[in-house]
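Colleague: One structure, as structure tokens, below. Some questions next.
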Amino acid sequence: MSESRGSGMPLRDYRVHRYVNAFCPLCHEESPDRPLAEVQRLSGWLAVRDGRVWLERGCATHGLVRTLYDESPEILTYLEQWTAPTKVHGPDTTGNFKPVPSAYEDGLPQMQTQHTCILLEDLLDHCNLKCPTCFAESSPALASVAPLESVLASIDTRLSRENGRIDVLMLSGGEPTLYPWLEELLDAVTARPIVRILINTNGLRIAQDDAFIELLRRHRERVEVYLQYDGESAEASIHHRGADIRRFKERAIERLSAAGVFTTLTMTAKLGVNDDEIGHVIKRALDTPYVGGVTIQPVFGSGRGSGIDPLDRLTHTGVLARLEGQTGGQVTWRDLTALPCSHPHCCSVGYLLRDDADEWRSLTSLIGHDRLKEWLDLEPDLLANRIADDTIPAAMKSIVKDSLLDLLSEQSSLSHPSMASIWKDICANCDLGIGTLATLATSRLPGQRERLRSLLGERVLRVTVKPFMDMNTMIEERLTQCCVHVATVNAETDAHQCAPFCAVQAWAPLSRTRISTATGRPTTGSRS
Amino acid sequence: MSDPTLDPRIVPLDDGPPTATSASAATPFDPLRLCIFATVALLGWLLGPIALAFFAALGAVGYARARRAGLLRSKCLLGDTRIVLAYLVGLVALAIAALIIGFGPWRIT
């Protein structure tokens, strides 16, 4: 007896890029306040289909839910090559093996795989703007201000869990420049073992208050400004900030540059609003002394952020793909690498250096991808194969590797105190053709530090792309390896702790434990 | 299970992971492109340089936007989107010249 043979099973119309645990955005929107213990972790995958990367997860209530994760599988795969070992962390509660996200109710859990690179302290919920896309939902109507002693207690708790050193402290909010005790806070934190302090601001006070500029100038060796700057168009300003406040931004940049305060322009970019202004922001930074960095953040849907099409949005790799077309080829996605210490999907970074011929060149183009990986020890096989023609002595290699890892880390910025030695090692040992930098970095002449600072301010630019996750793009592994931690307060014990940034912004029960909301009290209105 | 028409993020079952039913019921090939090619040829025959100017300008605008949005290489044989743009702009110029001077296989009578 013969049986007819069928055609067999067809191939899927997608390729699984990697398997992930994710969450259902529809369940989240139906009940954003649900207790974290009731949040379901769902099986899913990143699927490459039609030249894009989609996050697909199976929800018992809604079935298969598909959202756009990233625009370019090619660039995402490239980024995944850049991973390095992570640092040990100190859990906030010993024995906390609860699942994500409920584990974060008790701070960093045992299963976190990265320490705190950046500690973000929300000083207050109050702001002098009511930005339509604010993830923290701050506004002038909110008056909750964290007491100075609570902020310092939170910082000291973190210091005790980070072996006596915090790499980066970011002061945020709300609008941190409106914090009534900011001067006392800056004095207190600069007296602690904190490498760098960043102030995350809209720039309104910087544009108008001479005394405040003086305060920043006084602390400029340790303090850097992250200035929200969304591009050149009035449309971008109105969309993201609710008004055309470009003149304040321009004035703030001029005043910070004149005061020699290292500034990073932080751009919130949205598809169809200002995704064509990324090149402008980079050029503005290249042309302005002491604007040492640009951070491009694709808008994400936590907090007040809404109106994002989850099936067609600007993503990490989308920003990278747009660089070449918008900078006339001056910067391309190959000039950036993933930040080796973080999850490769979470951040990419690149350095541009102006050489003695006045041309901007990237660190990766000067060193070469293969050599960079070799120095970072990311490709042991490649290293083994090149032992014979390796021209860098082993001791030098170790120094260069550590320097590069420092440079390509969340803690890095041009005002970092160890920058001189980092550039010295890289410039002197790697023959980058950056003669003046190398000479200055290796010289020990009087006034060398100030000259190096000014040279870095004019001739080095750090470009980063930082895509934060909302529930449409949230995957567990990125939370687990997150190193940007928001200070929170335990709802039951009042203990100071912290939790990954994207988790705090996305889940309301965690958001309510931010230090400004949990310990905040109405301000008296007096500024001391 | 919610109504799949409510939210575009919810994937209908026949568009999701293949099931035994959807696998065995393979859709016959739809030769749509052949119909499109014939229609484009018809328009070219009827309208000549006007059709060329229209489609080349449309293509140039489309490629300019795509390049601005980050497309550096196209699946087009010419590869680099700058070369494709130059080709399309050239076609527009050719079509305008043909309309003004009246050369080529098509004439305004």
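The values are calculated or read from the model by the stated rules, or taken from the named source; none is laboratory data. These numbers were taken from a predicted model, which means no experiment stands behind them. So basically every Cβ, Gly included, is an ideal-geometry build from the backbone, and we count neighbours across all protein chains shown.
Colleague: Considering only residues of the stretch A:55-99 that are assigned to a loop (DSSP other than H, G, I, E, B) and within 14 Å of another protein chain (Cβ to nearest Cβ), which is surrounded by the fewest Cβ atoms within 10 Å (Cβ to Cβ)? Full working, then the answer.
Modeller: Filtering the stretch A:55-99 down to residues assigned to a loop (DSSP other than H, G, I, E, B) leaves A:60-62, A:71-72, A:80-99.
This time we only want the ones that are within 14 Å of another protein chain (Cβ to nearest Cβ), so: A:60-62, A:71-72.
Details: A:ALA60: 10, A:THR61: 12, A:HIS62: 22, A:GLU71: 25, A:SER72: 21.
Checking each candidate, the answer is A:ALA60.
Colleague: Could you count how many residues in the stretch A:64-82 are closer than 18 Å to A:MET469 by Cα and aromatic (Phe, Trp, Tyr)?
Modeller: 1
So that you can scan it fast, the table gives a plain yes or no per residue for (1) in contact with a Lys or Arg (Cβ under 9 Å, 6 or more places away or on another chain); (2) surrounded by 24 or more Cβ atoms within 10 Å (Cβ to Cβ); (3) outside the structural domain of A:CYS127 (by TED's automatic domain parsing):
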site	(1), (2), (3)
A:ALA207	yes, no, no
A:HIS239	yes, no, no
A:ALA252	yes, yes, no
A:LEU256	no, yes, no
A:THR263	no, yes, no
A:GLU277	no, no, no
A:SER302	no, yes, no
A:GLY307	yes, no, no
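Colleague: Quick one: which residue in A:LEU148, A:LEU120, A:LEU129, A:LEU124 is away from every other protein chain (no Cβ under 14 Å), closer than 27 Å to A:ALA269 by Cβ, more than 22 Å from the chain's Cα centre (by Cα) and surrounded by 17 or more Cβ atoms within 10 Å (Cβ to Cβ)?
Modeller: A:LEU129
Colleague: Criterion first (at pLDDT below 95 and buried (at least 20 other Cβ atoms within 10 Å of the Cβ)) does A:ILE155 satisfy it? Show your work before the answer.
Modeller: Working: at pLDDT below 95: no; buried (at least 20 other Cβ atoms within 10 Å of the Cβ): yes.
Criteria not met by A:ILE155.
Colleague: I would also like to ask the following. Examine the stretch A:28-46 for a residue that is in contact with a Lys or Arg (Cβ under 6 Å, 6 or more places away or on another chain), buried (at least 20 other Cβ atoms within 10 Å of the Cβ) and in contact (Cβ under 8 Å) with a residue 12 or more places away in the chain, and state whether such a residue exists.
Modeller: yes
Colleague: Can you pull out every residue in the stretch A:78-88 that is of a type outside the set (Phe, Trp, Tyr) and touching a residue at least 60 places away in the same chain (Cβ under 8 Å)?
Modeller: A:LEU79, A:GLU80, A:GLN81, A:THR83, A:ALA84, A:THR86, A:LYS87 - these are the residues of the stretch A:78-88 that are of a type outside the set (Phe, Trp, Tyr) and touching a residue at least 60 places away in the same chain (Cβ under 8 Å).
Colleague: Considering only residues that are in a helix (DSSP H, G or I) and of a type in the set (Asp, Glu), which ones fall in the stretch A:246-297?
Modeller: Once the filter is applied, which keeps residues that are in a helix (DSSP H, G or I) and of a type in the set (Asp, Glu), the stretch A:246-297 yields A:GLU250, A:GLU254, A:ASP287.
Colleague: Still on this structure, please answer the following. Of everything in the stretch A:217-238, what is more than 22 Å from the chain's Cα centre (by Cα) and not β-branched (Val, Ile, Thr)? Give them in sequence order.
Modeller: Result: A:ARG217, A:ARG218, A:HIS219, A:GLU232, A:SER233, A:ALA234, A:GLU235.
Colleague: Here's a follow-up. What's the number of the condition A:TYR229 fails, among (1) within 14 Å of another protein chain (Cβ to nearest Cβ); (2) surrounded by 23 or more Cβ atoms within 10 Å (Cβ to Cβ)?
Modeller: (1)
Colleague: Let me ask something additional. What's the total number of residues in the stretch A:316-326 that are in contact with a Phe, Trp or Tyr (Cβ under 7 Å, 6 or more places away or on another chain) and buried (at least 23 other Cβ atoms within 10 Å of the Cβ)?
Modeller: Going through the stretch A:316-326 one residue at a time, the tally reaches 2.
Colleague: Cβ contacts < 8 Å: first residue surrounded by 11 or more Cβ atoms within 10 Å (Cβ to Cβ), restricted to the stretch A:1-27; second residue at pLDDT below 90, any location; separation 6+ or different chain. Result?
Modeller: A:PRO10/B:PRO18; A:PRO10/B:ALA23; A:PRO10/B:ALA26; A:ARG12/B:PRO17; A:ARG12/B:PRO18; A:LEU26/B:SER2; A:LEU26/B:ASP7
Colleague: Tell me yes or no: at least one residue of the stretch A:298-312 is assigned to a strand (DSSP E or B) and at pLDDT 95 or above.
Modeller: The answer is yes; a qualifying residue exists.
Colleague: Kindly indicate the residue of the stretch A:279-317 that is more than 14 Å from chain B (Cβ to nearest Cβ) and in contact with an Asp or Glu (Cβ under 6 Å, 6 or more places away or on another chain) and also nearest to A:ARG241 (Cα to Cα) among those meeting that condition.
Modeller: A:ARG304
Colleague: For the stretch A:343-359: of the residues being buried (at least 18 other Cβ atoms within 10 Å of the Cβ) and farther than 13 Å from A:THR464 by Cα, which is modelled with the lowest pLDDT?
Modeller: Ranking the candidates gives A:ARG354 first.
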